[in-house]
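The values are calculated or read from the model by the stated rules, or taken from the named source; none is laboratory data. All values derive from a computational prediction rather than experimental measurement. With ideal geometry, Cβ positions are generated from the backbone for all residues, glycine too; neighbour counts draw on all protein chains shown. Heavy atoms of the whole protein, side chains included, go into the accessibility calculation; ligands, DNA and RNA do not. Shrake-Rupley method; radii C 1.70, N 1.55, O 1.52, S 1.80 Å.
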Amino acid sequence: MSHEPSPHHLDRRRFLAATGLVGATGALQALMSNTAAAAGPGRGNNRGVRAADNGGYGPLRPASPDGELLLPSGFSYVAFGETGSVMRDGTPTPSRHDGMAAFAADDGVRLVRNHEQTEGPAFAQPNYDPFGAGGTTTLVFDPDHMRLVESFPTLAGTVRNCAGGPTPNGSWLSCEETFTGLGGQHPHGYVFEVPADSEGPAEAVPLPAMGRFTHEAVAVDPETGIVYETEDRGSAGFYRFVPNDPADLSAGGSLQMLAVVDQPRYDTRNGQRPGQPLPVEWVDIADPDPDSDDSLAVFYQGRERGGAVFARLEGAWFGEGAVFINSTSGGDAGLGQVWQYRPNGSSGGQLVLVYESTDPELLESPDNICVSPNSGGLVLCEDGAGSDMLRGVTTDGEIFDFAALNSSNTSELAGATFSPDGGVLFFNVQTPGVTYAVTGPWHNGAL
């Protein structure tokens, strides 16, 4: 059964501008068209289309002598917020930088950044769990002078804060990619809200109505306030949280899992074709905050009611009436899928496979996703077995390489996000833990 979301006024224009949500649907729709056209009748999934001249930017090259990044000609970068660097309060910066979002602020651009650490001690007070080493830090960045102004803790005592997403309320939802507690005093597997204007550690209050499971990312529909949630497991669900009050997520709401109409327990992980619409519905999760040691307790509730299964759902993005989600290990080749869910009223809609990779040279294990406010082009962060890259997608649906590490480091690239004006692309390298800010002639190419 599904519930009708209550109408609420959200500052949609501000949210769309700050997150670059307008325009990128075209890039993903074109990617789907290219995939379906190249596959042809009976040919299955294709190898994708590589953009000419690397998306208009030309080949990657060292951005500076002995530089850490490979970037197109004309682009430069600065590195900051490294693990161990001292923050404003004297605390060393935590490690394992992950998901991140950028917010416009009077003092520059504010980056709220996750740290996917596990066991404590907590790096700041107040904290949710003194034995939880994860959380968030906020960095104030001056884009005019391309420098870090200051950084400070904003959420502490949580565990494995992997991804999340910005909200129309000017906050970051930080998600715990775990279910396991640390000693039994404080359960984990929750979503926490961090205001972008926090000047220190926020009160760490979990949002249990949004579910206790192995969270990854969220995407918020600014029209309805519905929060779409991904789950990072080999057998994963796709969820939505219908809040009682979109301006106050702590006021509770309903958690639901996506199911394919008349095909209970549908398996999206293989045997799929791009462009083929699947009608869907939403089934209720009766107990979103189970008192259980089973990390699949929420997932099993949805499956019992016919919920669909995905392979490792990670990055999520909302734009122009649709939600796009990355299945990192989905597809016949296990190299990743990009899915679109388009709502149709409160209770249904359709699910469509946008792209399925069969070639790691084009795309391997897509994780975080963001959109350029300059063009509507996309940036996909890879989390594969080898050296990962930032891959771009043009508005014609063609894939290209944008950035790579100029070293043998195979650590995950994560947290890609543009400054609200589109002038700077920020992203993280998880290990050893560093944030990069990249700028250059965006107008020369697809981003």
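Working from label points 7 Å from Cα in the Cα-to-Cβ sense, the Ser347 to Tyr300 distance is 2.9 nm. Solvent exposure of the chain amounts to 35 Å² per residue of accessible area, where only protein heavy atoms count and the probe is 1.4 Å.
Computed from the C-beta positions of Ser33 and Glu119, the FRET efficiency with R₀ = 56 Å rounds to 0.75.
Estimated from the Cβ-Cβ distance and a Förster radius of 56 angstrom, the FRET efficiency linking Asn409 and Asp284 is about 0.80.
Rounded to the nearest Å, what's the spacing between the alpha carbon centres of region 71-108 and region 225-287? Just the number, please. Between the Cα centres of region 71-108 and region 225-287 lies a distance of 33 Å.
Taking amide H as placed 1.01 Å from N in the peptide plane, the amide H of Asn368 sits under 5 Å from that of Gly315, Cys381, Gly415, each at least 5 places away or on another chain. 3J(HN,Hα) along region 269-286: 6, 7, x, 9, 10, x, x, 8, x, 10, x, 10, 9, 10, 10, 6, 9, 5 Hz, from the Karplus curve 6.51 cos²θ - 1.76 cosθ + 1.60 with θ = phi - 60°, whole Hz, x for Gly and Pro.
Distance between the 7 Å Cα→Cβ label points at Ser76 and Ala247: 4.5 nm.
Estimated purely from DSSP H runs of n ≥ 4, each contributing -39500 (n - 2.57), the mean residue ellipticity at 222 nm for the chain is -2000 deg cm²/dmol once divided by its residues. For the pair Arg50 and Asp107 in one chain, pulling the backbone fully straight at 0.36 nm per residue adds 16.6 nm over the alpha carbon distance.
A crude spin-label estimate for the pair Asn444 and Asp197, with each label 7 Å from Cα along the Cβ direction, gives 3.9 nm.
Normalised by residue number, the volume inside the convex hull of the Cα atoms of the chain is 123 Å³ per residue. A straight line joining the Cα centroids of region 194-208 and region 319-361 runs 31 Å.
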